[in-house]
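The values are calculated or read from the model by the stated rules, or taken from the named source; none is laboratory data. Please read these numbers as outputs of a predicted model, since none were measured by experiment. When we count neighbours, we look across all protein chains shown, and the Cβ atoms used for this are built from the backbone with ideal geometry, even at glycine.
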Amino acid sequence: MRRAATNDRALARPHRRALGVAAGLILLEAAVELARPWPLQLVVDHGLQDRPFPRWATALESFPVWALAAGAGVAVLCLTMLGAAATFGSTFLVGRSAERIGFGLRRDLLARLLDLPPRFHRRHSSNELVNRMVSDVYRVEDAVVAWWEIGAPESLILVGTLVVLVLIDPWIALAAVVVCPVLAVTVAWRVRGVRKAQGRVREREGRLAAHTGDLVRNIPVVQAYGQQRVAARSFDGLNASVLSSSVRANVVEARLEPLADLVLSLGAGAVLVIGAVEVDRGSMTIGTLLVALTYLAGLFQPLRSLTRLSSTLARAAASRQRIDEILTQEPDSGDIGTQVALGLSGDVVLDDVTFAYDGTIVLDGTSLHVPGGAITALCGPTGVGKSTLLSLLLGFERPASGRITVGDLDLREFSAWSVRRLIAYLPQESWFLDDTIEANIRMGRSDADPGAVSRAARVALVSEFTARLPRGLESRVGESGLHLSGGQRRRVALARAVLRDADLMLLDEPTAGLDDRAAALVLKAISASARGRTVLVVTHDQRVKQWADHVIDLSPEAQGSPPRQLASTVHERR
């Protein structure tokens with residue numbers, strides 16, 4: 001069984017020095033809180049009732065009552081200021097540590113998401129994952145702060161108060177303690193309900209975040225089809241679901257505090273009766289009773305605070321579970337071998353490769369040969385495995401059987417990361433940062449010098465349109481590259497691949513949706529960047545088939561019986 005990735009010890013370990021200092025300040029805060037009632041007892045018993053002073057306070061016998069009262073007031077003020085300073089210090093240290101814990105959690109979540117294979121991301125909405133990285137991490141931060149600012153000091157005050165009450169009067173202490181087990185059972189019973197309710201809330205909030213992200217990203221499409229009301233209704237349905245689950249969770253939480261107050265009031269009544277009897281018998285002074293009642297309030301206040309804290313921790317527990325679902329996922333980079341690939345020159349060969357996705361066979365004993373140093377178009381109807389071949393070459397997926405070789409290298413013997421650094425990949429829907437054109441080209445190789453970026457831009461014909469922009473390569477592309485046309489986006493993505501300077505280029509539908517002029521420019525840019533490289537292009541476009549050096553057809557009518565050796569057509573590029 002995997003250990004939770006967000007357990008308290010693991011989260012606190014990098015910040016143990018700051019939290020250790022905070023713990024010392026919390027101890028001081030608790031000690032000050034326990035000391036504050038005693039100046040009141042000194043004034044009432046020894047000032048107002050003329051009872052003898054204890055030995056350590058005989059020097060106060062000559063002081064008038066007003067002076068004792070003033071001194072007690074000053075003492076309470078000093079204790080309050082000391083407690084406030086300790087509270088400030090502990091709050092600052094805990095708050096800073098919680099923010100750093102949140103920073104680390106978000107960093108770890110992104111690192112794990114970057115390592116998880118595409119099949120994980122296909123099962124989860126990107127917006128829902130973002131919701132976990134933001135909202136759920138904030139709830140964990142809140143729980144850390146609440147525990148250190150409420151749980152730790154209130155627990156210390158609770159224990160200290162019980163000890164002092166035992167020293168004052170064991171019967172009063174017993175009456176106060178009796179309610180604690182009853183309260184603990186009540187809290188434990190309700191917290192389970194809170195945790196379940198909050199789990200439902202977080203799940204529905206995740207679905208709402210995913211749906212909202214999709215709607216906002218596709219508002220122009222919604223407007224184009226006049227579907228604003230439909231979109232609003234679908235949003236309202238999920239929003240209402242979140243509302244109803246949140247209200248139910250609040251009802252479950254709201255029931256907790258009245259039950260706790262009822263239990264605590266029974267204890268308070270018992271203490272008052274016992275204290276009054278003790279004073280009437282003369283076995284307890286009025287001042288001591290007042291101190292005991294003050295401590296009693298101090299005892300029940302931590303219990304109430306800990307009751308409310310249990311709700312905060314229950315909400316955080318639901319968020320921790322969602323975070324742990326990511327952090328405990330085993331990264332699967334596609335690595336089988338451990339050798340490091342140094343080059344991928346030569347022919348690409350699939351030998352009797354079988355691959356299934358979710359039980360559906362996509363490639364069944366497929367064999368094909370892609371000539372090295374040439375441009376090969378891979379065509380065929382949707383669903384025959386064209387893009388799957390690219391995923392297999394990139395190590396995103398593993399074949400169930402068969403082997404893939406590039407030149408003399410069997411990819412099963414090499415780590416996926418070492419193979420990928422020798423491949424330039426142009427997906428059908430290229431990913432863009434909301435940044436400059438240059439920053440997006442640099443995604444191909446972040447350490448490239450400005451000259452290399454400029455050369456890649458020229459080869460991919462990016463310079464052809466950036467020359468007309470006021471800021472050239474420093475122009476921003478907008479969210480998902482929306483400031484660029486379709487052809488311009490393809491050329492920027494191609495420049496990224498060119499900058500990679502890889503042995504093998506994999507292109508997925510590079511001309512899809514482009515007019516003849518834009519497609520011609522993209523193909524010209526690919527030709528310029530393909531010299532000396534092996535290029536495999538997945539396409540439905542007849543223009544690409546006519547332009548490529550070789551064409552491999554994966555359509556069923558072009559295939560023989562397994563193992564399939566797919567037909568290849570060779571012609572001169574126009």
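Points to keep in mind about this one:
- When Ala452 is tested against the conditions (1) crowded, with 16+ Cβ neighbours inside 10 Å; (2) under 25 Å from Asp541 (Cα atoms); (3) among the hydrophobic types (A, V, I, L, M, F, W, C), the lone failure is (2).
- Looking at Leu309, Leu342, Leu313, Leu296, just one residue is farther than 30 Å from Glu397 by Cα and at pLDDT below 70, and that residue is Leu296.
- Matching residues in the range 504-523 - criterion: being under 30 Å from Gly343 (Cβ atoms) and either at pLDDT below 85 or surrounded by fewer than 22 Cβ atoms within 10 Å (Cβ to Cβ) (or both): Asp508, Glu509, Pro510, Thr511, Val522, Leu523
Quick grid of which residues meet (1) at pLDDT 75 or above; (2) farther than 16 Å from Trp147 by Cβ; (3) surrounded by 13 or more Cβ atoms within 10 Å (Cβ to Cβ); (4) not assigned by TED's automatic domain parsing to the domain that holds Arg139:
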position	(1), (2), (3), (4)
Asp50	no, yes, no, no
Phe63	no, yes, yes, no
Val76	yes, yes, yes, no
Leu79	yes, yes, yes, no
Gly89	yes, yes, yes, no
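- Some residue of the range 382-397 being closer than 14 Å to Leu507 by Cα, surrounded by 20 or more Cβ atoms within 10 Å (Cβ to Cβ) and polar (S, T, N, Q): yes
- Selection count, the range 111-133, where residues are exposed (fewer than 15 other Cβ atoms within 10 Å of the Cβ) and over 21 Å from His15 (Cα atoms): 8
- Residue in the range 537-547 that is in a helix (DSSP H, G or I), within 22 Å of Leu504 (Cβ to Cβ), within 45 Å of the chain's Cα centre (by Cα) and at pLDDT 85 or above present: yes
- Residues of the range 456-493 that are β-branched (Val, Ile, Thr), modelled with pLDDT of 85 or more and more than 19 Å from Gly513 (Cβ to Cβ): Thr466 alone.
- Out of Gly365, Gly407, one residue alone is at pLDDT 80 or above, surrounded by fewer than 18 Cβ atoms within 10 Å (Cβ to Cβ), within 25 Å of Ala530 (Cβ to Cβ) and more than 34 Å from the chain's Cα centre (by Cα). It is Gly407.
- All of (1) in a loop (DSSP other than H, G, I, E, B); (2) under 16 Å from Ala424 (Cβ atoms) hold for Ala512 with one exception: (2).
- Qualifying positions in the range 12-36 - of a type in the set (Gly, Ala, Ser) and either more than 19 Å from Ala143 (Cα to Cα) or not in a helix (DSSP H, G or I) (or both): Gly24, Ala30, Ala31, Ala35
- Taking (1) at pLDDT 70 or above; (2) surrounded by fewer than 19 Cβ atoms within 10 Å (Cβ to Cβ); (3) of a type in the set (Lys, Arg) in turn, Arg192 satisfies each apart from (1).
- The helices (runs of 4 or more DSSP H) located wholly in the range 424-494 that include 2 or more residues which are closer than 22 Å to Arg531 by Cα, assigned by TED's automatic domain parsing to the domain that holds Thr388 and over 32 Å from the mean Cα position of the chain (by Cα) occupy 450-459, 463-466.
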